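Visitor: Quick one: structure below, then a few questions.
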Amino acid sequence: MAVEAQVRERYKSDLKPIWCPGCGDYGVLTATFMALGNLGLDPEQVVIVSGIGCSGRFPAFTTAYGFHSLHGRTMPVALGVKAANPNLTVIAVGGDGDTLAIGGNHFMHACRRNINLTYLLLDNNLYALTKGQASPTTLPTQTTDSTPYGSYESDVEPCALAILYGATFVAREFSARARKLAEVIAQAIQHQGFALVHILSPCVTFFDTYDLYKQWVKELPPDYDPSDPHRAIQYATDTEHKWVGVLYRTVKPTFEDRIREIREKALQRYGHLTLQDMLNRRRV
């Protein structure tokens with residue numbers, strides 16, 4: 001335990017987390033430190049990009065490079081970082097509102113492009129930083145400041161969406177299971193392609209779901225096959241349980257692979273031409 005704590009210290013900045021006591025995000029931060037330590041990654045080779053919300057503070061608490069971007073714009077920044085330097089380990093962090101509401105379009109395209117990065121979706125089922133309004137994942141029976149009589153919208157299921165959009169690694173975990181979560185995050189980082197880790201991260205201030213999720217959370221069966229997208233969606237959308245573990249995993253060319261392939265084709269076709277040759281071709 002002392003060795004583990006020493007390894008985690010390597011990734012902790014001098015700035016202490018300021019989340020509400022008991023917030024699920026503490027568990028996610030600890031699990032992230034554990035995953036980075038288990039993989040032996042150099043903090044200088046890791047970039048953590050966040051949006052706005054409680055999870056937006058994530059980069060400041062680490063010694064890795066960080067970028068606190070705009071609301072819903074986590075993915076464009078993370079994509080830019082990865083495209084500029086594919087050798088970096090890029091981890092995007094966003095809440096359920098940041099990811100699935102204002103950032104929903106970017107999330108969709110990140111999945112289909114299969115960008116080689118990890119997305120940690122910290123889901124507390126509401127907008128906590130702005131005092132508890134309903135978000136895309138607010139439960140139908142849940143009351144919030146903006147829905148005092150219950151939600152009038154159906155909730156969004158992030159894992160099923162990610163699979164349908166084209167993500168090649170999709171997992172779900174519970175922030176109260178730090179060790180299990182660390183294992184899943186490590187697998188996500190090692191995966192070649194877009195990896196979503198949907199993390200049930202309760203908000204203790206506006207809607208405490210700890211007891212609820214302790215009843216719902218259930219590990220995937222030992223014989224579960226994560227290569228079957230249809231079965232993965234079935235488990236992701238189960239209304240009686242919140243199945244945790246790696247729901248779906250497959251291998252496809254990444255965004256970076258495709259860019260490299262296109263660049264090589266272009267060089268083979270036009271690499272012998274000078275700038276003047278290219279200008280002359282445009283005039284024709």
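Every read-out reported here was derived from the displayed coordinates using simple, explicitly stated rules and does not represent laboratory data. Everything numeric here is computed off the predicted structure, so don't read it as measured data. Cβ: placed from backbone, ideal geometry, glycine included. Neighbour counts: every protein chain shown.
Visitor: Apply the Kirkwood formula to the stretch 125-284: the hydrodynamic radius equals the inverse of the mean of 1/r over all pairs of different alpha-carbon atoms; give it in Å with one decimal.
Guide: 18.7
Visitor: Can you list residues from other chains, or at least 5 along the same chain, whose modelled amide H is less than 5 Å from the amide H of Tyr119?
Guide: Ala92, Ala195, Leu196, Val197
Visitor: Sticking with this structure for a sec: Cut-off under 17 Å on the C-alpha distance; same-chain residues fewer than 8 positions from Lys252 excluded. Which aspartates and glutamates are left, in chain and number order?
Guide: The qualifying aspartates and glutamates are Asp228, Glu261.
Visitor: Same structure, new question: Largest first, please: the extent of the C-alpha atoms of the stretch 118-183 along each principal axis, to the nearest Å.
Guide: Principal-axis extents of the stretch 118-183 (Cα, largest first): 38, 27, 19 Å.
Visitor: I need the phi-derived Karplus couplings for the stretch 17-22: 6.51 cos²θ - 1.76 cosθ + 1.60, θ = phi - 60°, integer Hz, Gly and Pro marked x.
Guide: For the stretch 17-22, the Karplus curve yields x, 10, 6, 4, x, x Hz.
Visitor: Same structure, new question: Kindly rank 15-25, 132-142 from highest to lowest mean number of other beta carbons found within 10 Å of each residue.
Guide: Highest-to-lowest ranking by the protection proxy: 132-142, 15-25.
Visitor: Starting from the Cα-Cα distance between Asn105 and Glu240, subtract it from 0.36 nm times their residue separation and give me the gain in nm to one decimal.
Guide: 45.7 nm
Visitor: Cut-off 16 Å, label point 7 angstrom out along Cα-to-Cβ of Asp14: give me the residues of the stretch 24-67 whose amide nitrogen falls inside.
Guide: Of the residues in the stretch 24-67, 60-64 have backbone N under 16 Å from the label point off Asp14.
Visitor: Need one number: % antiparallel among DSSP beta bridges in the chain, to the nearest 5.
Guide: 20
Visitor: Hey, another quick one. Assuming 1.002 mPa s and 20 °C, estimate D for the chain with Stokes-Einstein, Rh taken as the Kirkwood radius over Cα pairs, in µm²/s.
Guide: 109
Visitor: While we're looking at this one, here's another question. Under the Karplus relation 6.51 cos²θ - 1.76 cosθ + 1.60, θ = phi - 60°, what is the ordered set of whole-Hz ³J(HN,Hα) values for the stretch 101-116, x standing for Gly and Pro?
Guide: 9, 5, x, x, 5, 5, 4, 4, 6, 5, 5, 6, 6, 6, 5, 7
Visitor: Cross-link candidates for Lys131: which aspartates and glutamates have Cα within less than 12 Å, leaving aside residues fewer than 8 places away along the same chain?
Guide: Excluding near neighbours in sequence, the set is Asp145.
Visitor: List the aspartates and glutamates whose Cα lies under 15 Å from the Cα of Lys12, skipping any in the same chain that are fewer than 8 positions away.
Guide: By straight Cα distance, Lys12 reaches Glu4, Asp25, Asp42, Glu44.
Visitor: For Gly132, what is the net charge nearby, where nearby means another residue's Cβ is under 14 Å from its Cβ and Lys, Arg count +1, Asp, Glu -1?
Guide: Charge balance near Gly132 sits at -2.
Visitor: Using a simple charge model, +1 on the beta-carbon of Lys and Arg, -1 on the beta-carbon of Asp and Glu, nothing else, what dipole does the stretch 2-252 show about its Cα centre, in debye to the nearest 20?
Guide: 520
Visitor: Something else now. The stretch 91-200: percent of C-alpha pairs farther apart than 21 Å?
Guide: 35
Visitor: Once amide H atoms are built 1.01 Å from N in the peptide plane, which residues 5 or more positions from Val217, or in another chain, come under 5 Å H to H?
Guide: HN-HN under 5 Å from Val217: Lys242.
Visitor: Right, here's the next one. Give the relative contact order (percent, whole number) for the chain; include only Cα pairs under 8 Å separated by 6+ residues.
Guide: 17
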